[in-house]
Amino acid sequence: MTVAARAASCDPADDPGDDPEVREGHSMSFTQIIEIDGVQDEQAVHDHLATWHAEQYGVAPGYQGCRVLADQEVPGRYLIEVDFSSEEEAKRNDARPETEAWAARTRELAGSDPTHRNLRQVCTTFA
């Protein structure tokens, strides 16, 4: 794939914006970022996410996968990026008891309430 082909998904003309009529028919990507602080056991975070993925991929509405990123400046801080096919599917997933149980375990691992951010994709250069 050429650089130009990869950059094509960053063309502002491809972004349907917030207009639902324009968005209809577009494959929208939606990401939730969950920030957790105070983690003492990185392997436990890894295992928690790996278990979720193994059990919920193909089951949880719109769930496409996740990444866990360790903050190099703040020990014990992690960002969990969770990708969904759409905001609507993410909301459906959030309402499930399995997701509530996952969130409770996440709070236990962090020792505090996580911070959540909901983001719509504007541009991607991932192949």
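Summary of values
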quantity	calculated
Given (1) farther than 18 Å from residue 44 by Cα; (2) assigned to a helix (DSSP H, G or I); (3) not hydroxyl-bearing (Ser, Thr, Tyr), index of the condition residue 122 fails	(2)
In region 27-67, the residues that are part of a loop (DSSP other than H, G, I, E, B) and at positive phi	38, 58, 62
Meets criteria (assigned to a strand (DSSP E or B), surrounded by 11 or more Cβ atoms within 10 Å (Cβ to Cβ) and out of contact with any Phe, Trp or Tyr (no Cβ under 8 Å at 6 or more places or on another chain)) for residue 117	yes
Region 68-108, subset of a type outside the set (A, V, I, L, M, F, W, C) and in a strand (DSSP E or B), residue surrounded by the most Cβ atoms within 10 Å (Cβ to Cβ)	78
Counted residues, region 30-57 - those being without any contact (Cβ under 8 Å) to a residue 60 or more places away in the chain and either closer than 21 Å to residue 121 by Cα or surrounded by 12 or more Cβ atoms within 10 Å (Cβ to Cβ) (or both)	11
Options 71, 15: the member that is at pLDDT below 95 and of a type in the set (D, E, K, R)	15
Residues that are aromatic (Phe, Trp, Tyr), closer than 15 Å to residue 53 by Cα and in contact with a strand residue (DSSP E or B) (Cβ under 7 Å, 6 or more places away or on another chain), drawn from region 73-111	84
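The values are calculated or read from the model by the stated rules, or taken from the named source; none is laboratory data. Small disclaimer: the values here were computed from a predicted structure and weren't measured. Neighbour counts are summed over all protein chains in view; Cβ atoms, including those assigned to glycine, are modelled from backbone coordinates with ideal geometry.
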